[in-house]
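K.L.:
The structure's right below; bear with me while I get my questions together.
The values are calculated or read from the model by the stated rules, or taken from the named source; none is laboratory data. In this text, all values refer to a predicted model and were calculated from it rather than measured experimentally. Because the Cβ atoms are built from the backbone with ideal geometry, glycine has one as well, and the counts that use them run over all protein chains shown.
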Amino acid sequence: MASPLISVIIPAYNHEGYVAEAVHSVLQQEEVTLEVIVIDDGSSDDTLAVLSAIDDPRLQLHHQANQGSQRTINRGLDLATGDYLAILNSDDRFHPRRLARLLEVSQAGGCDLILSDLRLIDAAGDPVTDPTHWWRRWHADLKARYVAESDPARALLTGNWAITTSNFFMTRAAYARLGGLRPFRYVLDYEYLLRAATTPGLKLEFLLDEPLLDYRLHGANAILEHPLRANLETDFLLRQYLPRVFGAEIAPGLAYLNRIKRHIVKLDREGWRRRWQATVDGLSESNTELHAINLELDSANRALNESNRDLHRINVELSTSNTGLHTANVALDQANQSLVAANGELDAERQRLNDLLSASEAKLVQVQSELDAVCHSRIYRFGFALLSPLHRLRRIGAGLTSGKPAHARDPAQLHQLIEANLDGVKLVSFDIFDTLLERLIDPPDHVKLIAARGLVRHLRVHLSREWDLADLLSLRADVEARLRRERQADAKDHECRFSDLAAEMARLLTGAPDPELADWIVAEELRAEGDCLYVKPGMESLLDRLRRRGLRVIAVSDMYLDQSHLEILFARLGLSPFIDQIYVSSDTGIGKYTGRLFRHVLETEGVAPQSVLHIGDNHHSDVKMALSLGLRAIWLDDRANNRRRAILRGHAWLAVKNPYWRGRHLMQLIAPEPSRGFAFDLGFSYLGPIFCTFIFGVIEKVRTERIERLFFLAREGELFLRLFEYLAPRLMEPEEIPAVEYLYVSRKSTAPAALADGLAYETSLAPLYNPKQQGLLSLCRTFDIPPADIREIAARHGYDLDEPIYDWHSPRYRALIEDPAFQSVVRRHGSACRELLGDYLAQNGFFSAQRVGLVDIGWNGSSQRYFQDAYGERADYPHVFGLYLGWVHGIRHSFDPARNTIFGLLYDVRRRNWLEDGVSRFEELFEEGARALHASTLGYARDANGRVEPVLKSDAAPDRRAELAMNPQIDDFRAGALAFAERFVHAARLTGYTFEEIRPFIMTLTERVVAHPTREEAQALMQVTHSEDFGFDAVMHLTHDRLRLRDFLSPRAVLQRLRGSNWIYGSGRLIPLPGLNPLLRYLDLSRIRP
């Protein structure tokens, strides 16, 4: 009979001298069918070349960048297709019959993991036969302890008698249960064996005194590179597994831990001894250096004596100089007397000029009175009235050449004025900000705040430096002020250049010049500016027309950014093809406001002032100073943009005064989307803000709670995952983003796993809370219990399977749940479900981190509760953070606070906040608005390779068919929310507001769409259907909650229909009764007490 396929994984790293021998020892195995997977882990020597020279069809060679032994072995195990799996490190070698012997033992005894004895070889491959060798004595002691102990798990706690991962031989089923190696540096093999030994149902076998593996000791073994760290890892590992193996009987393990501690102390003392000797040697060297310094000091003293003699000679010379200065002072006194006489003469001349000025002023008064008389004469008034229209026409047609600016109140008028005044113009100059470009925020200095927030985060994450935002802004202001003063001292204007500012800030922040940080500061500033800027409507077409007419177009700005920075921004905004040159005050050190920058432009461009037309929004800098130099000027006084900026300033002011308005300020920055149908519009205007704010809160919790892995739970989690993957890279540093996974789970697929130890009475009530429950039949569907298996048991207690149960507090129902026969059925089915779900979670890394987050719509956190009940006793069970949109806690699950933390980010019943309550009043809207298009998860099954895959509900199921009919509308909901996310992240970066700052206003949107819908919204949303995923195949049709005409014949019927409505406010809105919904909301909120 043919041998089953055995996959051998060989991780290779920098073993060019050993790897060929290791591979050949596998290829030469006798009587087995092989698949050999060799992975070169980024070796820096010739390991890959040696492997490439081996020609055998059974050999698969892979190469990767260095990832370490654990990841490399796990990759090999994932690639393997054999029924049995073995590992061989690239410096060890197999006995020719190792695999045949281990296969024989596994098949004969049903063993899952088999290990053999081994032989120690040296670097040359020769056996180490000396019985006093430290390693052989240590290994012999480990084997003796294995023989003395009663089981492999207890023996492992006294030491790792398997020695190496090269000793692993296991069935595929065992690997499927255990998963891959965990990320330890020195004890990854030890941890895997402990995990296997403590996993129920797995059988281990150790072939004592059958050395079928050669273990090479060559000085570069990982375990020898850092003994202290290796022992610390061992200590950590054993403290995890001791309670699982011994409980209170931990004496053997503690003895081993004590030996480890003694070894650590020994290593520590040896380290101190070496450091002390180094200190003594250093002192000796210092004494030698001190002697040399003393000799140098003697030489310096002699030099000082020479210097003192020179100083005495200089003092004599100074005394002579003082005598000369005294003579000079006498001469100065004489000069002062001459100046006093000259001042007297000047005073006399000043008086003569004042008299002349008084006489001139008197003459002017006389002339002015004569002019007034002329202006009031009839002849003058008649002539002025006759010529006034001509003067007005002249001003309109030649306003620019007469030195007065044209005044444009909007872009359309600006286009007309430019066209009317291009005669004789060779160069058109534009101001940049609020002329060519506009900002989404106001005031403009808010850009500094945005960039400072990014710098604070960068310093914390990348440089481990904590800076307060206010201190960082103060530092920037101080540096900027100093640089501006230095420019003024250099006879320039009050300007500074941002590249200089960034370099100086980087130096002050790190204590030394740091070009890399300076470049990052510049890039962050440009990112912030780029987020805020857009091209003023109509400007691109205007620039294109000017270029087509052959005119040279330039941009002139008083701005702190360098010219190169503005060129980058122009390129991003698509203006580079239209602008020939940029002149900026930061580079030149002179500004428009003094006229000096305009003079520089005229000199550089070589044009006459009257051939230049300048357009800008600042009346002083762009108009008055341009006209004073003879340039033509147009004042762009854009009223619409001024109103927009005033509104932005108003919202910013309100946001400072009252935190509630911060969410409104953020939303003000998001432009509305053109209508694309009801579902898309609702997704963009309401579900998008709500869902994006929720994910924003998730991001903040990931930061504050240091969550390592994030799991998004089906089905709402699919949209939440897409939103997170869009928002996180734009709002977080790369190092802050955790690993993410999408889990196909549901209450239906997770509840059965919690029953492996029996069904608790409280847990059994979950399906009975549903008003459509069918008693024990619903319970069986919920927990995946075959109804036929409990039919007789239920009959003994007087229950029919499909009979609704309303007396669940009765002794009869408790007796049924506590019946040993009933619990036996439950445990049998629960154990199988727990194994499958546990393997599925392990495949996705749930147990590989200490702090994980579950992201879901929430409500009751059922999946989190079932995870806890099924796996909470595992040593590797993480602390689980439930990050839920809403926390209703209607089903009173019991959570262990040591293992769980729960956050209702938008709605949490524990806060008793009426503004949040709207979320719980229309749960179906949020579930359907975020629902994935795939079917719900019913359970799990293994594929041909042993992997656990989810089993989804069939498309033929009645409720699934209803979902498929709704999917086009659901897809539009989701598309609207995703479109909103693109604008939300932009506004969030611009404002810098936190989740808690914007949440109150977003909850107002929730209140609006849930409790106060328009009639059109209510009519559309009442068409939504909603299916259950927890033991029921029923479909909820909201349209059934609409009131019928006959209901209005009876007020009682109306009240009953409203009370039973799944969305009372939708039903109420469709009743033509003004004020009904506000009344319903008031009555609903009156039940909430602070």
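One line per residue, one yes/no per condition, for (1) in contact with a Phe, Trp or Tyr (Cβ under 8 Å, 6 or more places away or on another chain); (2) assigned by TED's automatic domain parsing to the domain that holds D856:
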| site | (1), (2) |
| --- | --- |
| R921 | yes, yes |
| A941 | no, yes |
| A962 | no, no |
| M966 | no, no |
| Q969 | no, no |
| A977 | yes, no |
| G992 | no, no |
| V1009 | yes, no |
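Conditions (1) part of a helix (DSSP H, G or I); (2) modelled with pLDDT of 80 or more; (3) loosely packed, with under 14 Cβ neighbours inside 10 Å, marked per residue:
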{"position": "A977", "(1), (2), (3)": "yes, yes, no"}
{"position": "P1013", "(1), (2), (3)": "no, yes, no"}
{"position": "Q1023", "(1), (2), (3)": "no, yes, yes"}
{"position": "H1026", "(1), (2), (3)": "no, no, no"}
{"position": "G1031", "(1), (2), (3)": "no, no, no"}
{"position": "R1046", "(1), (2), (3)": "yes, no, yes"}
{"position": "G1068", "(1), (2), (3)": "yes, no, no"}
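K.L.:
Looking at F984, F973, which is the one that is of a type in the set (F, W, Y), touching a Pro at 6+ places or on another chain (Cβ under 9 Å) and outside any loop (DSSP other than H, G, I, E, B)?
P.N.:
Step by step, each of F984, F973 is checked, and only F984 is of a type in the set (F, W, Y), touching a Pro at 6+ places or on another chain (Cβ under 9 Å) and outside any loop (DSSP other than H, G, I, E, B).
K.L.:
Test R154 against the stated conditions and say whether it is in contact with a Leu (Cβ under 7 Å, 6 or more places away or on another chain), of a type in the set (K, R), crowded, with 16+ Cβ neighbours inside 10 Å and on the phi < 0 side of the Ramachandran plot.
P.N.:
no
Results for (1) touching a residue at least 24 places away in the same chain (Cβ under 8 Å); (2) surrounded by fewer than 18 Cβ atoms within 10 Å (Cβ to Cβ); (3) closer than 22 Å to I902 by Cα; (4) among the charged types (D, E, K, R), shown as yes or no for each residue.
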| position | (1), (2), (3), (4) |
| --- | --- |
| W661 | yes, no, no, no |
| L666 | yes, no, no, no |
| G683 | yes, no, no, no |
| P689 | yes, no, no, no |
| R706 | yes, yes, yes, yes |
| R715 | yes, no, yes, yes |
| F720 | yes, no, yes, no |
| L731 | yes, no, no, no |
| E735 | yes, yes, no, yes |
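K.L.:
Do you know which of the residues in the range 571-618 that are without any contact (Cβ under 8 Å) to a residue 60 or more places away in the chain and of a type in the set (F, W, Y) is surrounded by the fewest Cβ atoms within 10 Å (Cβ to Cβ)?
P.N.:
F578
K.L.:
Also, I was wondering about something else. Can you work out which of the residues in the range 804-818 that are within 49 Å of the chain's Cα centre (by Cα) and surrounded by 13 or more Cβ atoms within 10 Å (Cβ to Cβ) is modelled with the lowest pLDDT?
P.N.:
Result: W808.
K.L.:
Looking at the range 739-798, which of its residues are β-branched (V, I, T), over 19 Å from G939 (Cα atoms) and either in a loop (DSSP other than H, G, I, E, B) or touching a strand residue (DSSP E or B) at 6+ places or on another chain (Cβ under 7 Å) (or both)?
P.N.:
Answer for the range 739-798, where residues must be β-branched (V, I, T), over 19 Å from G939 (Cα atoms) and either in a loop (DSSP other than H, G, I, E, B) or touching a strand residue (DSSP E or B) at 6+ places or on another chain (Cβ under 7 Å) (or both): V740, I790.
K.L.:
Also, I was wondering about something else. Is it true that some residue in the range 521-535 is of a type in the set (K, R) and out of contact with any Gly (no Cβ under 9 Å at 6 or more places or on another chain)?
P.N.:
No - not one qualifying residue is present in the range 521-535.
K.L.:
What residue, among those in the range 70-103 that are touching a Pro at 6+ places or on another chain (Cβ under 8 Å) and of a type in the set (G, A, S), is surrounded by the most Cβ atoms within 10 Å (Cβ to Cβ)?
P.N.:
The extreme case among them is S90.
K.L.:
Moving to a separate point now. Taking the range 907-960 on its own, how many of its residues are charged (D, E, K, R), within 30 Å of the chain's Cα centre (by Cα) and closer than 21 Å to A1018 by Cβ?
P.N.:
Final tally of qualifying residues: 6.
K.L.:
Continuing with the same structure: So, in the range 632-674, exactly how many residues are part of a strand (DSSP E or B) and more than 30 Å from L417 (Cα to Cα)?
P.N.:
Residues flagged as part of a strand (DSSP E or B) and more than 30 Å from L417 (Cα to Cα) within the range 632-674 amount to 0.
Every residue, every condition in (1) of a type in the set (F, W, Y); (2) under 29 Å from the mean Cα position of the chain (by Cα); (3) surrounded by 12 or more Cβ atoms within 10 Å (Cβ to Cβ), yes or no:
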residue: L473; (1), (2), (3): no, yes, yes
residue: D478; (1), (2), (3): no, no, yes
residue: R482; (1), (2), (3): no, no, yes
residue: D490; (1), (2), (3): no, no, no
residue: L509; (1), (2), (3): no, yes, yes
residue: V522; (1), (2), (3): no, yes, yes
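K.L.:
Still on this structure, I have one more. Quick test for you: out of R921, R912, R947, R960, pick the one residue that is within 23 Å of G830 (Cα to Cα) and basic (K, R).
P.N.:
Testing whether each residue is within 23 Å of G830 (Cα to Cα) and basic (K, R) leaves just R947.
K.L.:
Continuing with the same structure: Test A53 against the criterion of being modelled with pLDDT of 90 or more, aliphatic (A, V, I, L, M) and surrounded by fewer than 20 Cβ atoms within 10 Å (Cβ to Cβ), and give yes or no.
P.N.:
Judged against the criteria, A53 is a match.
K.L.:
Still on this structure, please answer the following. Do you know which residues across the range 144-160 are under 22 Å from D214 (Cβ atoms) and within 44 Å of the chain's Cα centre (by Cα)?
P.N.:
Scanning the range 144-160 gives G159, N160.
K.L.:
Right, here's the next one. Sort out for me the helices (runs of 4 or more DSSP H) sitting completely within the range 123-226 that have 3 or more residues that are touching a residue at least 40 places away in the same chain (Cβ under 8 Å).
P.N.:
Counting at least 3 such residues, we get 134-148, 152-156, 172-178, 188-197.
K.L.:
Which residue, of E30, E21, is more than 38 Å from the chain's Cα centre (by Cα), under 25 Å from L188 (Cα atoms), assigned by TED's automatic domain parsing to the domain that holds L212 and of a type outside the set (K, R)?
P.N.:
E21
K.L.:
Have a look at L776, L801 and point out the one that is crowded, with 20+ Cβ neighbours inside 10 Å and among the hydrophobic types (A, V, I, L, M, F, W, C).
P.N.:
L776
K.L.:
Which count do you get for residues in the range 434-446 that are assigned to a strand (DSSP E or B) and surrounded by fewer than 18 Cβ atoms within 10 Å (Cβ to Cβ)?
P.N.:
Qualifying residue count, the range 434-446: 0.
K.L.:
Does the range 108-115 contain any residue that is acidic (D, E), over 22 Å from H15 (Cα atoms) and surrounded by fewer than 17 Cβ atoms within 10 Å (Cβ to Cβ)?
P.N.:
No; the residues of the range 108-115 include none that is acidic (D, E), over 22 Å from H15 (Cα atoms) and surrounded by fewer than 17 Cβ atoms within 10 Å (Cβ to Cβ).
K.L.:
Do you know which residues across the range 853-862 are touching a helix residue (DSSP H, G or I) at 6+ places or on another chain (Cβ under 7 Å) and buried (at least 24 other Cβ atoms within 10 Å of the Cβ)?
P.N.:
G853, L854, V855, D856
K.L.:
I'd like to check something: does the range 74-89 contain any residue that is in contact with a Ser or Thr (Cβ under 8 Å, 6 or more places away or on another chain), basic (K, R) and touching a residue at least 24 places away in the same chain (Cβ under 8 Å)?
P.N.:
No, the range 74-89 contains no residue that is in contact with a Ser or Thr (Cβ under 8 Å, 6 or more places away or on another chain), basic (K, R) and touching a residue at least 24 places away in the same chain (Cβ under 8 Å).
K.L.:
Please enumerate the residues belonging to the range 819-838 that are surrounded by fewer than 21 Cβ atoms within 10 Å (Cβ to Cβ), within 46 Å of the chain's Cα centre (by Cα) and small (G, A, S).
P.N.:
Selection gives S831, A832.
K.L.:
Pairs only if they're at least six apart or on different chains, beta carbon under 8 angstrom, first in the range 992-1015 and without any contact (Cβ under 8 Å) to a residue 60 or more places away in the chain, second surrounded by fewer than 19 Cβ atoms within 10 Å (Cβ to Cβ); list them, first residue then second.
P.N.:
Between residues of the range 992-1015 that are without any contact (Cβ under 8 Å) to a residue 60 or more places away in the chain and residues that are surrounded by fewer than 19 Cβ atoms within 10 Å (Cβ to Cβ), the close pairs are R1015/L1070.
K.L.:
OK, next. Just to be sure I understand, how many residues within the range 486-531 are over 26 Å from L440 (Cβ atoms) and touching a His at 6+ places or on another chain (Cβ under 8 Å)?
P.N.:
Of the residues in that region, 2 qualify.
K.L.:
Just to be sure before I move on: is L449 part of a helix (DSSP H, G or I) and either in contact with a strand residue (DSSP E or B) (Cβ under 9 Å, 6 or more places away or on another chain) or among the acidic types (D, E) (or both) in the structure I sent?
P.N.:
Spelling it out, it is not the case that L449 is part of a helix (DSSP H, G or I) and either in contact with a strand residue (DSSP E or B) (Cβ under 9 Å, 6 or more places away or on another chain) or among the acidic types (D, E) (or both).
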